[in-house]
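Just below is one structure, and these are the notes that go with it.
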There are 2 protein chains.
Amino acid sequence: MEKVKPRTLSGFMELLPAPQVQMERIMQVLRETYALYGFYPLDTPLIESSEVLLAKGGGETEKQIYRFTKGDSDLSLRFDLTVPLAKYVAQHYGELTFPFRRFQIGKVYRGERAQRGRFREFYQADIDVIGDGKLDIINEAEVPSIIYKTFTSLGLQRFKIRINNRKVLNGFFAILGLTEKAGDVMRTIDKLEKIGAEKVKTILVEDFGVEAATADELLKFIETPGGTEGILAALESYKGKNEVFDLGAEELKTVATYMQAFGVPADHFEIDLTIARGLDYYTGTVYETAMLDHPEIGSICSGGRYDNLAEYYTDKQLPGVGISIGLTRLFYVLGEQGYLNDQMNKAPADVLILPMTDDMGAAIKTATALRESGIRTQLYSEQKKFKHKIGYADKLGIPFVIFLGEDEINAGVVAVKDMESGEQVKISLDEAAKLIHDGLAKKNAGKVICDK
Amino acid sequence: MEKVKPRTLSGFMELLPAPQVQMERIMQVLRETYALYGFYPLDTPLIESSEVLLAKGGGETEKQIYRFTKGDSDLSLRFDLTVPLAKYVAQHYGELTFPFRRFQIGKVYRGERAQRGRFREFYQADIDVIGDGKLDIINEAEVPSIIYKTFTSLGLQRFKIRINNRKVLNGFFAILGLTEKAGDVMRTIDKLEKIGAEKVKTILVEDFGVEAATADELLKFIETPGGTEGILAALESYKGKNEVFDLGAEELKTVATYMQAFGVPADHFEIDLTIARGLDYYTGTVYETAMLDHPEIGSICSGGRYDNLAEYYTDKQLPGVGISIGLTRLFYVLGEQGYLNDQMNKAPADVLILPMTDDMGAAIKTATALRESGIRTQLYSEQKKFKHKIGYADKLGIPFVIFLGEDEINAGVVAVKDMESGEQVKISLDEAAKLIHDGLAKKNAGKVICDK
């Protein structure tokens, strides 16, 4: 038979088993952490009607969409989890209770140019709180505490959450007479970290006709030194010139204050007036999260406050606040940079039972008993030489092996080998279960990310 | 702005939040159970190159495939998890250790005619054990024990695992001189439960030219009474006439014997010689799982032994055994038939904190402390009347509410209300955490499926 060469599409992450175990561990931490903050899990289709998914139309993403027809239907694969959420909330409005808090971890699709570390199929892990008509500012302070809890639960330590407020920027633009150029100015400021102040100024002046002195004042403002306190003081000094600015400054102060009550340590966040977030729909607090040792990666968790989640589907005013982690890219980067904890068990089992007799009855019963006690157990049942059997445990990195021969069966014991230390003991099955439980607890005591 | 009507495609399951919690609980039980048996989690792309995915070509499924082009690429959405597994194992052969045990829970796509309870996007939950060249029969006995453990862990009680062996059928066909018609005969037998013995006979005789007496002997054989013992005895009586038959009979006996050692009670399985499974590639043991009170649903978990997983991709002989649960359909049926446990907490949180003061500091600290102790906590922060706030907890079914007013803050206590009993107590935060933990343990003590 002629063979087809098996291959995975370029830009699609397909992990080998051991890294997949690490990825699953990360997803489990995300699920547990998000749930701890009272968010519903949500799952929506990967395919939507193009008319619904692309209701907003235009935009940079449209040409990246996986769009096709099936029968008479014009269909598209989701390119983020926000549009499906907007659809969901608008469609099920009458059946939901607000504020509606949901998390979703799911794959999305963007046909970007394939390059190293960029993916066409990737997981996003999002949380959003959606209000009905109104949504209190407290939510904007709680969300960064979830970012903090999530990354520290994963084991990341050296990161910083950067916050800003779009009203502060918009208000300041108004003070400078830049309101009509606000969109262009914001998109330019967003590039500050990448291209530097000088280039930002050049673009502002040459491309968008901003006065040089105005550009200077703007740059001075957004680069205000002195940390959170310094910036809050600077904001105070502009007070009374513009209502939107004053409101934004007040929000930023409230968020910074409550964030600390929500448990975000002062050294893990900062106000950064350069953050605008490219997207048009943020209206209040915006967030980015930087890995301090890898600024080149860009933000690993971003989001913000928006006033109108579902305006393409409903007249209802649905304000919200949310964040998104680009999980596939994050996992790729963590792997590349050596952040993944290789000490934790990456094997598919905690113990491998090697039967040394022809009759498998005793081995099977041992496996069943260990599984009953919550130990992930494999029974090796292939007819192979001993060396091959033990090599199997070794290759997979299974931490414990139980040998079960005639002697052990007759004596009512099992021989347990700790594959790391090489130590071997003959003990009762109950003792073996305890030994394995304890050994695993020690082995898995760390966190999935190592960050020293 | 003109609005687009938000809608979900027909044939795509999109659950409301509370049922989604139940679905997640089921998926978590599946993940934990499969892991207990030493299976790796696996995740593969939803999109594959059509050339790779459809290597086998033809078949009933081809016209159901979601197939489209993106740029120059001819792409298809996966229609099961087996073909991607075959691709994965062939592609990564050198990097895997065999037997390779993996589970995968993921969405697959089939553009079937939409009808109630049939889905175009649905989850499959699969496990497979893949050998390199050989795979011991023990695996065929272990797999049904995983089916048993999975469904009992979910709470299902009244189900039966039906097993058969394709070699027994093929051997018996040879004995009856039906080898050349084996495919047609098997596909006809597969319909026995649906259409009855008489119609099966008619099809065999009229459509496939089987002698009436032969059809009678075949039907008598596959309907052998007497349960497992009776059938094993009947098989014994045909021994020595055909090698394949003898091998199959021996395998069936081994599997039946070891299944019991693996913990499957005798009343939860039976040998059923009518089971052939439509698919061509099964070569040994085959499984189906029936809900005793709902035979009309058909098998809720099926699978079997195959000799050549990846013949379209590689010359390597890769035998395996696996099962698949059609999770979306199963969930739909369980809901329709009232099997889902509505007693367990379906709210997004275990406790809701209602701050009764303007300053949120104390409420935020309480929320943070409860989350630290593992309690899923929501903080109600909207400016609403008390009635609306308590109504929020009520609508979501959050089991506990904590009121935090000036008095409580000053006394260093919290007021906890059990929403089900209506009881309210003022206690310390530690006591409250214990009360909530205990209350939840009781509330969630059951299993996700109720089957009395």
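The values are calculated or read from the model by the stated rules, or taken from the named source; none is laboratory data. Treat the numbers as computed from the prediction; the structure is a model and nothing was measured. Every residue, glycine among them, receives a Cβ derived from its backbone with ideal geometry; neighbour counts consider all protein chains shown.
Hey, can you tell me all the residues within region A:316-331 that are outside any strand (DSSP E or B) and either surrounded by fewer than 20 Cβ atoms within 10 Å (Cβ to Cβ) or away from chain B (no Cβ under 14 Å) (or both)?
Of everything in region A:316-331, those that are outside any strand (DSSP E or B) and either surrounded by fewer than 20 Cβ atoms within 10 Å (Cβ to Cβ) or away from chain B (no Cβ under 14 Å) (or both) turn out to be A:K316, A:Q317, A:R329, A:L330.
Counting only residues that are assigned to a loop (DSSP other than H, G, I, E, B) and either among the small types (G, A, S) or outside the structural domain of B:I323 (by TED's automatic domain parsing) (or both), how many does region B:17-40 have?
Qualifying residue count, region B:17-40: 1.
Which ones in region A:435-446 are in contact (Cβ under 8 Å) with a residue 60 or more places away in the chain and surrounded by fewer than 18 Cβ atoms within 10 Å (Cβ to Cβ)?
Let us first name the residues in region A:435-446 that are in contact (Cβ under 8 Å) with a residue 60 or more places away in the chain, namely A:436-437, A:440, A:443-444, A:446.
Matches in region A:435-446: A:H437, A:K443, A:N444, A:G446.
From the list A:Y282, A:Y312, A:Y306, exactly one residue is more than 28 Å from A:E336 (Cα to Cα), of a type in the set (F, W, Y) and within 14 Å of another protein chain (Cβ to nearest Cβ). Which is it?
Unique residue meeting the criteria: A:Y312.
Give me the residue from region A:97-133 that is over 24 Å from A:L15 (Cβ atoms) and acidic (D, E) and, out of that set, farthest from the other protein chains (Cβ to nearest Cβ). First the steps, then the outcome.
As a first pass, look at region A:97-133 and keep what is over 24 Å from A:L15 (Cβ atoms): A:97-102, A:127-133.
Now narrow it down to the ones that are acidic (D, E): A:128, A:132.
Details: A:D128: 13, A:D132: 9 Å.
Filtering first and then ranking leaves A:D128.
Scan region B:398-434 for residues that are under 40 Å from the mean Cα position of the chain (by Cα) and buried (at least 17 other Cβ atoms within 10 Å of the Cβ) and report the count.
10
Among the listed residues A:G422, A:G391, A:G412, A:G361, which satisfies the condition of being over 30 Å from A:K149 (Cβ atoms) and in contact with a Ser or Thr (Cβ under 8 Å, 6 or more places away or on another chain)?
Going through A:G422, A:G391, A:G412, A:G361 in turn, just one is over 30 Å from A:K149 (Cβ atoms) and in contact with a Ser or Thr (Cβ under 8 Å, 6 or more places away or on another chain): A:G412.
Can you work out which of the residues in region B:343-358 that are crowded, with 19+ Cβ neighbours inside 10 Å and aliphatic (A, V, I, L, M) is nearest to the other protein chains (Cβ to nearest Cβ)?
Among them, the one singled out is B:A349.
Regarding region A:133-153, can at least one residue be identified that is assigned by TED's automatic domain parsing to the domain that holds A:P41, modelled with pLDDT of 95 or more, within 14 Å of the chain's Cα centre (by Cα) and part of a loop (DSSP other than H, G, I, E, B)?
No - not one qualifying residue is present in region A:133-153.
For A:T69, state whether it is farther than 30 Å from B:D394 by Cβ, free of Cβ contacts under 8 Å to residues at least 24 places away in the same chain and of a type in the set (V, I, T).
Values: farther than 30 Å from B:D394 by Cβ: yes; free of Cβ contacts under 8 Å to residues at least 24 places away in the same chain: yes; of a type in the set (V, I, T): yes.
For A:T69, the condition - farther than 30 Å from B:D394 by Cβ, free of Cβ contacts under 8 Å to residues at least 24 places away in the same chain and of a type in the set (V, I, T) - is met.
Restricting region A:96-122 to residues that are outside any strand (DSSP E or B) and of a type in the set (F, W, Y), which is nearest to B:G397 (Cα to Cα)?
The qualifying residue nearest to B:G397 (Cα to Cα) is A:F98.
Name the residues in region B:1-20 that are small (G, A, S) and more than 19 Å from B:E121 (Cβ to Cβ), would you? Let's see the steps before the verdict.
If we filter region B:1-20 for residues that are small (G, A, S), which is where we start, we get B:10-11, B:18.
Once the filter is applied, which keeps residues that are small (G, A, S) and more than 19 Å from B:E121 (Cβ to Cβ), region B:1-20 yields only B:A18.
Does region A:43-95 hold any residues that are part of a loop (DSSP other than H, G, I, E, B), more than 26 Å from the chain's Cα centre (by Cα) and of a type in the set (G, A, S), and which are they?
The answer is A:A55, A:G57, A:G58, A:G71.
Could you check region B:148-182 and list, in sequence order, the residues that are within 14 Å of chain A (Cβ to nearest Cβ) and in contact (Cβ under 8 Å) with a residue 60 or more places away in the chain?
Scanning region B:148-182 gives B:Y148, B:K149, B:T150, B:S153.
(1) free of Cβ contacts under 8 Å to residues at least 60 places away in the same chain; (2) under 20 Å from B:G71 (Cβ atoms); (3) at the interface with chain B (Cβ under 7 Å from one of its Cβ atoms): which one isn't true of A:T61, the others all being true?
(3)
Of all the residues that make up region A:83-124, how many are touching a strand residue (DSSP E or B) at 6+ places or on another chain (Cβ under 9 Å) and of a type in the set (K, R)?
The total comes to 6.
Given the criteria closer than 23 Å to A:K5 by Cα and at the interface with another protein chain (Cβ under 10 Å from one of its Cβ atoms), does B:V89 qualify? Reasoning before the result, please.
Values: closer than 23 Å to A:K5 by Cα: yes; at the interface with another protein chain (Cβ under 10 Å from one of its Cβ atoms): yes.
Considered against the rule, which asks whether it is closer than 23 Å to A:K5 by Cα and at the interface with another protein chain (Cβ under 10 Å from one of its Cβ atoms), B:V89 comes out as yes.
Okay, residues lined up against (1) modelled with pLDDT under 95; (2) touching a strand residue (DSSP E or B) at 6+ places or on another chain (Cβ under 6 Å); (3) surrounded by 21 or more Cβ atoms within 10 Å (Cβ to Cβ):
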| position | (1), (2), (3) |
| --- | --- |
| B:E32 | no, no, no |
| B:Y40 | no, yes, yes |
| B:I47 | no, yes, yes |
| B:G57 | yes, no, no |
| B:D72 | yes, no, no |
| B:L81 | no, yes, yes |
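For residues in region B:1-13 being facing chain A (nearest Cβ under 7 Å) and part of a loop (DSSP other than H, G, I, E, B), which is surrounded by the most Cβ atoms within 10 Å (Cβ to Cβ)? Give the steps one after another, and end with the answer.
Just the residues of region B:1-13 that are facing chain A (nearest Cβ under 7 Å), to begin with: B:1, B:3-4, B:6-9, B:12.
Imposing the further condition that a residue be part of a loop (DSSP other than H, G, I, E, B) reduces the set to B:1, B:3-4, B:6-9.
Details: B:M1: 7, B:K3: 13, B:V4: 19, B:P6: 22, B:R7: 15, B:T8: 19, B:L9: 17.
Residue satisfying both the conditions and the ranking: B:P6.
May I ask you to verify whether A:L156 is of a type in the set (A, V, I, L, M), more than 19 Å from B:A349 (Cβ to Cβ) and either outside the structural domain of A:E24 (by TED's automatic domain parsing) or in a loop (DSSP other than H, G, I, E, B) (or both)?
yes
I'd like the full set of residues that are at positive phi and either more than 7 Å from every other protein chain (Cβ to nearest Cβ) or basic (K, R) (or both), limited to region A:31-57.
Across region A:31-57, the qualifying residue is only A:G57.
Going residue by residue through region A:178-190, is there one that turns out to be touching a Pro at 6+ places or on another chain (Cβ under 9 Å), assigned by TED's automatic domain parsing to the domain that holds A:N242 and among the charged types (D, E, K, R)?
The answer is no; no qualifying residue exists.
Taking region A:412-432, which residues are of a type in the set (A, V, I, L, M, F, W, C) and more than 21 Å from A:T368 (Cβ to Cβ)?
A:M419, A:V425
For region A:267-285, name all the residues that are among the small types (G, A, S) and modelled with pLDDT of 95 or more.
A:G284, the sole residue that qualifies.
Since A:S76 meets every condition but one in (1) more than 9 Å from chain B (Cβ to nearest Cβ); (2) out of contact with any helix residue (DSSP H, G or I) (no Cβ under 6 Å at 6 or more places or on another chain); (3) small (G, A, S), which condition does it not meet?
That leaves (2) as the condition not met.
Among the residues of region A:14-30, how many are facing chain B (nearest Cβ under 8 Å) and either on the phi > 0 side of the Ramachandran plot or within 16 Å of the chain's Cα centre (by Cα) (or both)?
Number satisfying all stated conditions: 3.
Here is a list of conditions, (1) out of contact with any strand residue (DSSP E or B) (no Cβ under 7 Å at 6 or more places or on another chain); (2) more than 7 Å from chain A (Cβ to nearest Cβ), and B:T366 meets all of them except one; can you say which number that is?
(1)
Being more than 21 Å from A:L252 (Cα to Cα) and buried (at least 20 other Cβ atoms within 10 Å of the Cβ) is the filter here; which residues of region A:141-185 pass it?
Once the filter is applied, which keeps residues that are more than 21 Å from A:L252 (Cα to Cα) and buried (at least 20 other Cβ atoms within 10 Å of the Cβ), region A:141-185 yields A:T150, A:F151, A:L154, A:L156, A:L178.
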